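Heads up, the thing below is written out as structure tokens.
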Amino acid sequence: MKVLKGALNFYIQSSIHVALSVYALVRMTDYMFQIPVDQAVAYFAFFGTIVGYNFVKYDNLVRTKKPQMRNSLKSIILFSLLSFFAVGYFFFQLQRITQIISVAFLALTLLYTLPFFPNRRNARNWAGVKIYIVALCWVGVTLVLPILNAEIAITSDFYLKSVQRFLLIFTLILIFEIIDLANDDPHLQTVPQQIGVKRTKILGLLLLIPFYFLEFLKTNFDQKQLIVNLILVSVIALFLLFANEKRSKYYTSFWVESIPIIWWLMIIIQ
């Protein structure tokens, strides 16, 4: 049992699980826009998420407490290094425009982590900004990059899906912010810190409404997608309603982050 728990913790802490969520959203984009499976983009997003998330989570810890690093952290660093080489490999398989835009999202990630201006904190600590940066990065990696790499024309459907994807990620992050409320720095000015938990839940539920009904505005909306999205919205609503500061870390780091994976699986098994 201890071995299984250790494996699960490594799976979560090394960002493999969140990377699978990103991979699932890339594959959802392939399905929505009828893109032939593009493994280069999907794997670039998967390994890039591992590198990016682990850099954000552990950069400061490694730089300030290097002599005290545990074996588990050393294993994560080694795994991240291997993932970095995988990112480089798949990067050179992307279209030139995709490479340029992916570098832009890399810069946004670095801005989120590192203080670029003297005597200023990084973007992660800018009041009220964190949720927008994270949501934009997810939209960019899981929607914009696959579309660009497939050289698909930018139409109204692209903009509708971009708004939908942003609403989805924004709502999921709200659940994380509710769970982390007790531990977050008050200066972060997260949504629950600004408007309270109850209003945050109401906001999340309200955002799910346009997320669902924007599907009807597509050029050719998919009946199957409507049913799947209704199930998705119901699942997210339940996680949102039952979120509170006393929930286990697995509530978000495993179950909530599983939602994009479940969304994709509902599509491929039908």
For this session: Name every residue in the stretch 172-200 that is aliphatic (A, V, I, L, M), touching a residue at least 12 places away in the same chain (Cβ under 8 Å) and surrounded by 12 or more Cβ atoms within 10 Å (Cβ to Cβ), in order of residue number.
Result: LEU172, ILE173, LEU174, ILE175, ILE178, ILE179, LEU181, LEU188, VAL191, VAL197
Problem set entry | Residues located in the stretch 209-242, provided they are under 16 Å from ARG165 (Cα atoms), open to solvent by 10 Å² or more (accessible area, probe 1.4 Å), in contact (Cβ under 8 Å) with a residue 40 or more places away in the chain and under 18 Å from the mean Cα position of the chain (by Cα) | none
Seminar exercise, completed: By my count, helices (runs of 4 or more DSSP H) wholly in the stretch 1-77 with at least 1 residues that are modelled with pLDDT under 90, closer than 19 Å to LEU265 by Cβ and out of contact with any Ser or Thr (no Cβ under 7 Å at 6 or more places or on another chain) are 39-64
Seminar exercise, completed: Of the residues in the stretch 154-171, those that are open to solvent by 60 Å² or more (accessible area, probe 1.4 Å), without any contact (Cβ under 8 Å) to a residue 60 or more places away in the chain and either hydrophobic (A, V, I, L, M, F, W, C) or in contact with a helix residue (DSSP H, G or I) (Cβ under 9 Å, 6 or more places away or on another chain) (or both) number 2
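Based on this model, can you work out whether LEU265 counts as under 20 Å from the mean Cα position of the chain (by Cα) and open to solvent by 70 Å² or more (accessible area, probe 1.4 Å)?
Working: under 20 Å from the mean Cα position of the chain (by Cα): yes; open to solvent by 70 Å² or more (accessible area, probe 1.4 Å): yes.
Spelling it out, LEU265 is indeed under 20 Å from the mean Cα position of the chain (by Cα) and open to solvent by 70 Å² or more (accessible area, probe 1.4 Å).
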Exercise. Out of curiosity, is TYR159 within 19 Å of VAL18 (Cα to Cα) and assigned to a helix (DSSP H, G or I)?
Worked result: no
For this session: Return the residue satisfying two criteria in turn: it lies in the stretch 1-37 and is free of Cβ contacts under 8 Å to residues at least 40 places away in the same chain and crowded, with 16+ Cβ neighbours inside 10 Å, and of such residues it is nearest to the chain's Cα centre (by Cα).
Result: ALA19
Problem set entry | Residue count, the stretch 41-54 (criterion: open to solvent by less than 10 Å² (accessible area, probe 1.4 Å) and closer than 16 Å to LEU94 by Cα) | 3
Exercise. Within the stretch 104-119, is even one residue modelled with pLDDT of 85 or more and part of a helix (DSSP H, G or I)?
Worked result: yes
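The values are calculated or read from the model by the stated rules, or taken from the named source; none is laboratory data. Since we're looking at a predicted model, the values are computed, not measured. Cβ atoms come from the backbone with ideal geometry, glycine included; neighbour counts cover every protein chain shown. Quick note on the areas: whole protein, heavy atoms, side chains included, nothing else; ligands and nucleic acids left out. Shrake-Rupley method; radii C 1.70, N 1.55, O 1.52, S 1.80 Å.
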